[in-house]
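The values are calculated or read from the model by the stated rules, or taken from the named source; none is laboratory data. No experiment lies behind these values; they were computed from the predicted model shown. Note that we place each Cβ from the backbone using ideal geometry, even for glycine, and neighbour counts take in every protein chain shown. Ligands, DNA and RNA are stripped out before the accessible areas are found, and what is left, the full protein with its side chains, is counted by its heavy atoms. Shrake-Rupley method; radii C 1.70, N 1.55, O 1.52, S 1.80 Å.
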Amino acid sequence: MATRTRRSQRRTEALSRERIVEAAIELLDAAGESGLTFRALTERLATGPGAIYWHVANKGELLGAATDAVVAAALAAGHAASAGPAEAAGHAEAAGHAEAAKSPESAGSAESAEAAGPAESAESPEAIEPTKSHESAGPAEAIEAAGAAGSPQDGIRAVALGLFDAIEEHPWLASQLMTQLSHSLWETVAPRIFESVGRQIRALGVPESSWFAATSALMHYILGAAGQNATNAASARTLGPEVDRARFLDAASTAWEQLDPDDYPFTRAVAGQLRGHDDREQFLAGVDLILSGITASLPAR
């Protein structure tokens, strides 16, 4: 009986939407968007295409789900970083269920999975019984807890770094975020990020008439700078192992220092700062500059 239950659990995991999205993220990380095919996905999951199509209709939907899952985890990690230990545990659990909370999982009893047989269980939609989605704390509770544990500025920095690290870790994410923000503002990714930043803007005391402008400015900077950093990292990998980051920046700094002093006085002056700068520190410095401008414009209390 224990063996039958374990087999059923393995089938349920392989056929769930959450597991499909996890496998899609693994393929995207390894080979980029071109490497994400339904054939590669079926091979990785050791299942049939019918089981996958039961949960996701096409590659576009799968890319959207993968993007949303990574962003949800990044935001939860950011909120956890600015919260206390007790809150952090709750955020981690919420991130784990972020994608599962959106869609039904394939689940079914041990007896029905065993009776279906391997081929029918893997291929037939009728063998997959959707169940209720996981209950999740959701972004609202995570954001509120993080805001209570630290200042709004700390919350924004944590969200910014969470997205920065996620985009660097998943090179395909930057282009998918740009695609979703350009073509699918009504999907969950844009509201997730906007809500995470916007609640902190509201907590700063920014007038409601300026909420959209202030949040948009931060959101565009965070995603743009993080995306550029990911592009720089990807370009550096193509230069070969003999050209590391320090050597590349040193060469660029030297080239700046040799520019014509009449045409490029400012660029020559900051050339030394380019050499050996820390990308994360520079990124956070940009966030702080925007925050300084926002707080400076607040009405006197």
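A few remarks follow.
- The residues of the range 162-284 expose on average 58 square angstrom of accessible surface per residue, using a 1.4 Å probe on protein heavy atoms.
- Taking only protein heavy atoms and a 1.4 Å probe, the accessible area of the range 161-247 is 59% carbon and sulfur.
- Net charge of neighbours whose Cβ lies under 15 Å from the Cβ of Ala252, counting Lys and Arg as +1 and Asp and Glu as -1: 0
- Modelled FRET efficiency - R0 30 Å, His277 with Trp211, Cβ distances, 0.05 increments: 0.40
- Only Lys, Arg, Asp and Glu carry charge here, each on its Cβ (+1 for the first two, -1 for the last two); on that basis the range 163-228 has a dipole of about 200 debye about its Cα centre.
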